[in-house]
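J.: There's a structure below that I have some questions on.
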Amino acid sequence: MRAIKLILVALFIIPCGLTNSQNYLTENVVTGLTQPVCFAFLPGSNIIVTQKTGLAKIYNINNTFVSNFWSFTDSVNSSSEKGLLGVVLDPDFQSNRYIYFYYITSSNRYRIVRLKENNNLGTEPFYVFDEPNSTGSVHVAGNMRFGKDNKLYVSIGDNGTSSNAQSLTTFKGKILRINSNGTIPNDNPFFDDGNPYTANDDRIWAYGLRNSFDLCFSPANDSLYASENMVGNPDEINFIRKGKNYGWPICSGYCFPYNPLYKEPIGILPGNDNANYAPAGIIIYNGSQMPELNNKLLVIGMGAGQIYRGLVKCELGNAPLYDTITSKTILLDLTGTTLLQGSDGYLYICRLTQGTIVRLVHDLTGISNNNIPVDFSLSQNYPNPFNPITNIKYEIPKSGFVTLKICNVLGIEISTLVNETRQQGSHEVTWDASDFPSGVYFYELSAGEFTERKKMVLVK
């Protein structure tokens, strides 16, 4: 049975003009940037930032400018979705001082360059990856992460040509895996001769991807996750496995009908042509400052997000693989491009349009009582009748243990949507009934002494 997908939305309004949820707010760490896309932490308290227009800068986290590390402005194409995008430090940075940058050149080449840091300046450029034909203006998103195997994993979009994603002769629409010097590991799934230009592209680790903006590894088991930008369809969070096909453009979101040839996303974020979430930064948090977020997958979007927006916490299930998302909760109403955890245990967020890097902190000011519901309530699901997804809203005037269950017409419980402590306020849950037949169903909310049941109709 396909896992039930939940969307749990906190709808509190924060005083003082902040656009944040009830528990968190942000503090500026670096300001005055021009379209920052990605950043990485240097030893100590410095941050290196990529600006889309081509300048890599170093700042201290107290908002003090340190240096212009390297300028790509004469060689970068920053039009549309292109530009200086990704940055990552070598796992052995303390000894070799290597930093890697991903960008699109003025001659429309995909390029990863390795620079050596020397007194906060870049030296000794070495091209790790240098490929032509970034001719399209979109779907060139890319970032880089090192795995525990010390291999460099790179996400690259399909360059606006969807057929690229299914072709094993091109690196576009793929997750790549290469050595830090640009050579190809011989245990890659499509490796044959070590030459990316004959038969399969030996650098491919996974394929069938439209535009994966960012990657992250789980600190617990080194599982690899990727955010995936779609359009006119739900955006995706994918659990990336060696040699697997993620279905684009044959499938977008979940495949209907199900096709075992394609790996389905472990979670989706609603979107359409007018409002897509555009997931970007992704991380599994394991810091000391927000223990309630430990081992949770966090993702932030760049899109307009009229449907679903913000910094989202995803609960992962099915240990030890953690290959499903069992629930999603919006923590904070803001957009961003990159998420990183600092050595201080805080979560840091890069915000492109605002030109800032911010730090997530607890909101200790509390919530205005004016925004707390007066009574318990359970709203009628919408739409109703539905096929196959419907939304259920409820309100609780005080924090406490909440259950929300689905029963069939015989009164037999078939699904549990909520079974945990919930904070006071308004909440919303989405039920995907794809695996259930047409008919009458009941949903029941229990919170303290309050219980209410309502009827809904599934029509397929």
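The values are calculated or read from the model by the stated rules, or taken from the named source; none is laboratory data. Being a predicted model, the structure only gives us computed values, none of them experimental. Here the Cβ is made from the backbone with ideal geometry for all residues, glycine too, and neighbour counts use every protein chain on show.
J.: Scanning the stretch 23-57 for residues that are touching a residue at least 40 places away in the same chain (Cβ under 8 Å) and more than 22 Å from residue 71 (Cα to Cα), which turns out surrounded by the most Cβ atoms within 10 Å (Cβ to Cβ)?
T.: By that ranking, first place goes to 26.
J.: Just give me the residues in the stretch 323-340 being part of a loop (DSSP other than H, G, I, E, B), more than 12 Å from the chain's Cα centre (by Cα) and surrounded by 21 or more Cβ atoms within 10 Å (Cβ to Cβ), in sequence order.
T.: Listed by number, the list holds a single entry, 334.
J.: Tally time: how many residues in the stretch 116-152 are of a type outside the set (Phe, Trp, Tyr), outside any loop (DSSP other than H, G, I, E, B) and over 28 Å from residue 284 (Cβ atoms)?
T.: Number satisfying all stated conditions: 9.
J.: Same structure, new question: Looking at residue 395, is it more than 22 Å from residue 292 (Cα to Cα), touching a residue at least 60 places away in the same chain (Cβ under 8 Å) and of a type outside the set (Val, Ile, Thr)?
T.: no
J.: Restricting to the stretch 89-114, what's the tally of residues that are hydrophobic (A, V, I, L, M, F, W, C) and crowded, with 21+ Cβ neighbours inside 10 Å?
T.: Residues in the stretch 89-114 being hydrophobic (A, V, I, L, M, F, W, C) and crowded, with 21+ Cβ neighbours inside 10 Å: 4 in total.
J.: Looking at the stretch 258-271, can you tell me whether even one residue there is under 18 Å from residue 320 (Cα atoms), β-branched (Val, Ile, Thr) and at pLDDT 85 or above?
T.: Yes, the stretch 258-271 contains a residue that is under 18 Å from residue 320 (Cα atoms), β-branched (Val, Ile, Thr) and at pLDDT 85 or above.
J.: Surrounded by 13 or more Cβ atoms within 10 Å (Cβ to Cβ) and on the phi > 0 side of the Ramachandran plot: is that true of residue 86 in this structure?
T.: Considered against the rule, which asks whether it is surrounded by 13 or more Cβ atoms within 10 Å (Cβ to Cβ) and on the phi > 0 side of the Ramachandran plot, residue 86 comes out as no.
J.: Under the condition of being modelled with pLDDT under 95 and assigned to a loop (DSSP other than H, G, I, E, B), which residue from the stretch 228-248 is farthest from the chain's Cα centre (by Cα)?
T.: Filtering the stretch 228-248 for residues that are modelled with pLDDT under 95 and assigned to a loop (DSSP other than H, G, I, E, B), the one farthest from the chain's Cα centre (by Cα) comes out as 232.
J.: Continuing with the same structure: Under the condition of being farther than 22 Å from residue 90 by Cβ and either at pLDDT 95 or above or not assigned by TED's automatic domain parsing to the domain that holds residue 133 (or both), which residue from the stretch 175-199 is nearest to the chain's Cα centre (by Cα)?
T.: 189
J.: Which residues, taken from the stretch 120-155, are of a type in the set (S, T, N, Q) and free of Cβ contacts under 8 Å to residues at least 24 places away in the same chain?
T.: Listed by number, the list holds a single entry, 123.
J.: Here's something else I'd like to know. Considering only residues that are crowded, with 18+ Cβ neighbours inside 10 Å and of a type outside the set (D, E, K, R), look in the stretch 307-322 and name the one that is farthest from residue 277 (Cα to Cα).
T.: Among those that are crowded, with 18+ Cβ neighbours inside 10 Å and of a type outside the set (D, E, K, R), it is 322.
J.: Taking only the stretch 404-436 into account, find how many residues are crowded, with 18+ Cβ neighbours inside 10 Å and aliphatic (A, V, I, L, M).
T.: The total comes to 6.
J.: Identify all residues within the stretch 341-366 that are assigned to a strand (DSSP E or B) and either touching a helix residue (DSSP H, G or I) at 6+ places or on another chain (Cβ under 7 Å) or not β-branched (Val, Ile, Thr) (or both); write none if there are none.
T.: 341, 347, 348, 350, 351, 359, 360, 362
J.: Checking residue 155 against (1) crowded, with 19+ Cβ neighbours inside 10 Å; (2) polar (S, T, N, Q); (3) part of a loop (DSSP other than H, G, I, E, B), which single condition isn't satisfied?
T.: Residue 155 satisfies all of (1) crowded, with 19+ Cβ neighbours inside 10 Å; (2) polar (S, T, N, Q); (3) part of a loop (DSSP other than H, G, I, E, B) except (3).
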